[in-house]
Amino acid sequence: MTAILKYAPAGFAGRVSRPGSYEITESRVVSATNTPTAYGQAVILNASGLAALPISSTSAIYGVIVQSYPVQQTAGGMSASFGAGTPTASNPDNILVSGYVNVALNTADTAPVAGGAVYVQLIAETGYVVGQFRTAASGTSGNSLLVTNAKWASTGVTASGIAEVAFNI
C-alpha cells in the first residue's frame, strides 16, 4: 500500500482542497460579459457579479471561483471528461475568499514549492489564460501580477497539472 507523506496528489481545479479550513462567500452571479473560463481562476467582483480579471487589472483579486458541486461538461455523452465543467454566465457560483484550493498549472511552469510566491496571469499569452495561477512572473512585464495574499500550500504538482494554493490565509 502506498503512503502519501506530504499531500494527496488528487483533485480538480476549482475544488476546495482542505474542507473545514475555508471561507466561501454566498453564491454570486457570474458576469455575462466577462465570464471566467475555468474553475480555479482568480476573479474580481464588480457590478455585474463575478468576473474574470480584466486586461491590465489593478483591481484587487476578490477570490478564486470554486465549484459549488461536482460539475461536468454538458456535451460528449460517454466520452465526457470528468471534472471538465466550466462557470456558466449569468448563473450563481461560489467564490473562495480564504482557504486552500486546487488550481491548474501550465505544463511550462516549474513545480511549486510550499510557501513560494504565487502569480496570476493578467494578459493572455501562449499557454496562459487570464486569471490562471503560475509559479513565476511572466517574461513580459505587466502580463502577470504577484498575489501578495497567496502562497503555494504544498510542494509539487499532480500528473494532471493540479497544485494547491493557500489564498488569504
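The values are calculated or read from the model by the stated rules, or taken from the named source; none is laboratory data. Fair warning: this is a prediction, and the values are worked out from it, not measured in the lab. Note that we place each Cβ from the backbone using ideal geometry, even for glycine, and neighbour counts take in every protein chain shown.
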Which condition from (1) modelled with pLDDT of 90 or more; (2) over 14 Å from the mean Cα position of the chain (by Cα); (3) closer than 15 Å to VAL30 by Cβ is the one that THR110 breaks? (3)
Do you know which residues across region 118-169 are exposed (fewer than 14 other Cβ atoms within 10 Å of the Cβ), outside any loop (DSSP other than H, G, I, E, B) and among the hydroxyl-bearing types (Ser, Thr, Tyr)? THR148
Identify, please: which residue in region 107-163 is free of Cβ contacts under 8 Å to residues at least 12 places away in the same chain and not small (Gly, Ala, Ser) and is, among those, farthest from PRO36 (Cα to Cα)? THR148
Does region 48-55 contain any residue that is modelled with pLDDT of 85 or more, closer than 20 Å to LEU105 by Cα and part of a loop (DSSP other than H, G, I, E, B)? yes
Based on what the data block shows, is VAL97 at pLDDT 90 or above, closer than 17 Å to PRO36 by Cβ, among the hydrophobic types (A, V, I, L, M, F, W, C) and buried (at least 19 other Cβ atoms within 10 Å of the Cβ)? no
Going by what's in this entry, would GLY127 be described as at pLDDT below 90, out of contact with any Gly (no Cβ under 9 Å at 6 or more places or on another chain) and at positive phi? yes
Name every residue in region 21-33 that is touching a Gly at 6+ places or on another chain (Cβ under 9 Å) and either part of a loop (DSSP other than H, G, I, E, B) or not basic (Lys, Arg) (or both), in order of residue number. SER21, TYR22, GLU23, ILE24, THR25, VAL29, VAL30, SER31, ALA32
